[in-house]
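**Student:** I am attaching a structure below and will ask some questions about it afterwards.
The values are calculated or read from the model by the stated rules, or taken from the named source; none is laboratory data. Predicted model only: the values in this text are computed from it and were never measured. Don't worry about glycine lacking a Cβ; one is built from the backbone with ideal geometry, like all the others, and counts go over all protein chains shown. Only protein heavy atoms, including side chains, enter the accessible area calculation; ligands, DNA and RNA are left aside. Shrake-Rupley method; radii C 1.70, N 1.55, O 1.52, S 1.80 Å.
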Amino acid sequence: MTLQLGETAPDFTVASTEGNIQFHEWLGDDWAVLFSHPADYTPVCTTELGAFAKRKDEFASRGVKLIGVSVDPLDSHKDWAKDIEKTQGKGLNFPLLADKDQVVADQYGMIHPKADPKVTVRTVFIIDSAKKIRLMLTYPPSTGRNLDEILRVIDSLQLTDNHKVATPVDWKNGEDVIIVPSLSNEEAKERFPKGWDEQTPYLRVTRQPGRK
């Protein structure tokens, strides 16, 4: 199954380290970061799960829940969790799906047709409170995920959902933003009374809304 940005994230019911998860019900009115692992006891993913656990509060402060998925069974997850806590200094504090029947893997296109059909590719999905997919990012097995980038994208999406702005290259929360080209100068004056730096008619840079 091929998913596209803006589509509704498929619903599923799968066992996890925190009990059965009915995804849409579990998500409620929050956002989610759903991220897959090829298998348990993989070194890069061990570091990632520990890092997500350590930074769970940073995601929660943005209204974002964390949920991991691997096609290994629940007993394997629970044993792996012990290694994660031992080596990373933080135990799992969010659900890890035991997708042994590949329900989630199939719905989210996590099985590469030219790779091992028993393992999932390492993909991150950001899903908003309307259950829409807002980002999909696939990493190679040898490269750990960048949590700062995932948080940066969430900040950008939540900001641009509420204001007529876009975020430029390497933007970080609190920095200047771009007024969207679809907004006329007259409309922009109402929304951005402090003005902007018009570098070209289509590139108007202004302070981030809400920034003091």
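**Student:** Of all trypsin sites (Lys or Arg not before Pro) in segment 150-208, which ones are in loop regions per DSSP and have a Cβ with at most 12 other Cβ atoms within 10 Å?
**Tutor:** Here the trypsin sites (Lys or Arg not before Pro) that fit, given the DSSP loop and packing criteria, are K172, K194.
**Student:** Same structure, new question: Roughly how far apart, in whole Å, are the Cα centres of segment 153-172 and segment 21-40?
**Tutor:** If we compute the Cα centre of each part, the gap is 23 Å.
**Student:** Let me ask another. Starting from the Cα of E58, step 7 Å along the direction of its Cβ; do the same at L74; then give the gap between the two resulting points in nm.
**Tutor:** 3.2 nm
**Student:** Quick one: how many Å² of D161 are accessible to a 1.4 Å probe, rounded to 10?
**Tutor:** 80 Å²
**Student:** So between D148 and Y41, what do we pick up on full extension, going 0.36 nm a residue minus the alpha carbon distance?
**Tutor:** 36.1 nm
**Student:** How long is the gain from T160 to D30 if the chain were fully straight, where each residue apart is worth 0.36 nm and the alpha carbon distance is subtracted?
**Tutor:** 45.1 nm is the gain from fully extending T160 to D30.
**Student:** Compute the helix-to-body angle for 74-88: its Cα long axis versus the longest principal axis of the chain, expressed 0 to 90° and rounded to tens.
**Tutor:** With both axes taken from Cα atoms, the answer is about 60 degrees.
**Student:** Mind checking the angle between helix 147-162 and the chain's longest principal axis? C-alpha axes, 0 to 90 degrees, to the nearest 10.
**Tutor:** In the chain, helix 147-162 runs at an angle near 50 degrees to the longest axis.
**Student:** Which percent of the accessible area of segment 1-117 is formed by carbon and sulfur heavy atoms (probe 1.4 angstrom)?
**Tutor:** That fraction is 49 percent.
**Student:** In degrees from 0 to 90, rounded to the nearest 10, what is the angle of the helix 43-54 Cα long axis to the longest principal axis of the chain?
**Tutor:** For helix 43-54, the angle is close to 60 degrees.
**Student:** Expressed as a rounded percentage, what relative contact order does segment 28-149 have, with Cα pairs under 8 Å and six or more residues apart?
**Tutor:** 34 percent
**Student:** Using just the helices of the chain, give the 222 nm mean residue ellipticity in deg cm²/dmol: DSSP H runs with n ≥ 4 each add -39,500 (n - 2.57), and the total is spread over all residues, rounded to 500.
**Tutor:** Computed mean residue ellipticity for the chain: -9000 deg cm²/dmol.
**Student:** Here's something else I'd like to know. DSSP loop (so not H, G, I, E, B), at most 10 other Cβ within 10 Å: list which GluC sites (Glu not before Pro) in segment 139-212 pass both filters.
**Tutor:** Of the GluC sites (Glu not before Pro), not one in the loops of segment 139-212 has a Cβ with at most 10 other Cβ atoms within 10 Å.
**Student:** Can you give me the long-range amide H partners of K65? Hydrogens built in the peptide plane at 1.01 Å from N, cutoff under 5 Å, separation of 5 or more residues or another chain.
**Tutor:** Distant-sequence amide H within range of K65: W31, A32, V33.
**Student:** Longest segment of the chain with no chymotrypsin sites (Phe, Trp or Tyr not before Pro) in a DSSP loop having at most 14 other Cβ atoms within 10 Å?
**Tutor:** 42-201
**Student:** Then there's this: With r as the distance between the Cβ atoms of A51 and Q107 and R0 = 22 Å, compute the FRET efficiency 1/(1 + (r/R0)^6) and round to 0.05.
**Tutor:** Between Q107 and A51 the formula returns 0.25.
**Student:** State in Å² the accessible area per residue of segment 41-197; use a 1.4 Å probe, count heavy atoms of protein chains only, and round to the nearest integer.
**Tutor:** Using a 1.4 Å probe on heavy atoms only, each residue of segment 41-197 averages 52 Å².
**Student:** Which of K132, K86, K54 moves the most in a Gaussian network model of the chain with Cα springs under 10 Å?
**Tutor:** K86
**Student:** I've got another one for you. Out of the GluC sites (Glu not before Pro) in segment 7-75, which ones are loop residues according to DSSP with at most 15 other C-beta atoms within 10 Å?
**Tutor:** Those satisfying the criteria are E7, E18.
**Student:** Sticking with this structure for a sec: In the chain, if every C-alpha pair distance is counted and binned at 5 Å from zero, what percent goes to each bin?
**Tutor:** 1, 7, 14, 17, 17, 14, 10, 7, 6, 4, 2, 1, 0
**Student:** Here's another thing I want to ask about it. Got a number for the accessible area of L157? Probe 1.4 Å, square angstrom, nearest 10.
**Tutor:** 30 Å²
**Student:** Further question on the same structure: Which value, in debye to the nearest 20, gives the size of the charge dipole of the chain about its Cα centre, when Lys and Arg are +1 and Asp and Glu are -1 at the Cβ?
**Tutor:** My answer is approximately 500 debye.
**Student:** For the chain, what does the relative contact order come out to in percent, with C-alpha contacts under 8 Å and a separation of six or more?
**Tutor:** 21 percent
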